[in-house]
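Inspection log for the structure reproduced underneath, given as structure tokens.
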Amino acid sequence: MRLSKMTFVALAESVTEIRVEADSGVIDEAANKADLRTVHAEWAGADGKLSLELSCERGELDLETNDLVASGNVRGLLADGRRFAGPSLRYDRARGVAFTDAPVEIIEEGRILSGGGFQYHVRDRRLRLTAGARVEENRKP
């Protein structure tokens, strides 16, 4: 089934936990997945406030678990205002963790943190760079 301008919402105790929007997509009913194009997604923390926001070119949403695989020019914003960029990101709803093993840059005021990946615990807003990290002061993103 092909659709355009779609929105998927997952609720937890009447709070919007996850919202995924896409310009277009194909739903594979047999696999219970949606293959999405031009994606924007938001996740709430344990307090119901925005914790993570991202946009990307493509996404694959598991319609049963609400896990998301984002790929293609992934750009995002963390709750504390830091921005990130990388080629891909996965969200595991059961663990409440967004993560990547791909090279990533995290942009803070006046510096850029680079690493071989990261884990972001959405519910409690904890970030951990993985596979090494490098800090560049005063570099413009």
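The values are calculated or read from the model by the stated rules, or taken from the named source; none is laboratory data. Predicted, not measured: the structure shown is a model, and the values here were computed from it. Note: ideal-geometry Cβ built from the backbone for every residue, glycine included; neighbour counts use all protein chains shown. Protein only, heavy atoms only, side chains kept; ligands, DNA and RNA dropped before computing areas. Shrake-Rupley method; radii C 1.70, N 1.55, O 1.52, S 1.80 Å.
A few comments on the model shown:
Yes/no per residue for (1) at positive phi; (2) modelled with pLDDT under 95; (3) among the aliphatic types (A, V, I, L, M):
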{"position": "88", "(1), (2), (3)": "no, no, no"}
{"position": "98", "(1), (2), (3)": "no, no, yes"}
{"position": "109", "(1), (2), (3)": "no, yes, no"}
{"position": "132", "(1), (2), (3)": "yes, yes, no"}
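- Across segment 95-126, the number of residues qualifying as of a type in the set (Lys, Arg), touching a residue at least 40 places away in the same chain (Cβ under 8 Å) and part of a strand (DSSP E or B) comes to 0.
- Residue match in segment 73-89 (condition: closer than 29 Å to residue 111 by Cα, of a type outside the set (S, T, N, Q) and surrounded by fewer than 14 Cβ atoms within 10 Å (Cβ to Cβ)): yes
- Answer from 90, 82 - the residue that is among the basic types (Lys, Arg), more than 12 Å from the chain's Cα centre (by Cα) and closer than 24 Å to residue 19 by Cα: 82
- Pairs linking a residue in segment 9-32 that is surrounded by fewer than 17 Cβ atoms within 10 Å (Cβ to Cβ) to a residue that is modelled with pLDDT of 95 or more and hydroxyl-bearing (Ser, Thr, Tyr), with Cβ atoms under 8 Å and 6 or more positions apart or on different chains, are 23/38; 24/38.
- Remark: residue 75 matches the filter, which requires a residue to be part of a strand (DSSP E or B) and among the basic types (Lys, Arg).
- Residues (open to solvent by 10 Å² or more (accessible area, probe 1.4 Å), touching a Lys or Arg at 6+ places or on another chain (Cβ under 8 Å) and assigned to a strand (DSSP E or B)) located in segment 41-55: 42, 55
- Conditions (1) in contact with a Leu (Cβ under 7 Å, 6 or more places away or on another chain); (2) open to solvent by 10 Å² or more (accessible area, probe 1.4 Å): number failed by residue 36: (2)
- Unmet requirement for residue 68, which otherwise passes all of (1) free of Cβ contacts under 8 Å to residues at least 60 places away in the same chain; (2) open to solvent by 50 Å² or more (accessible area, probe 1.4 Å): (2)
- Subset of segment 3-22 [at pLDDT below 85 and of a type in the set (D, E, K, R)]: 13
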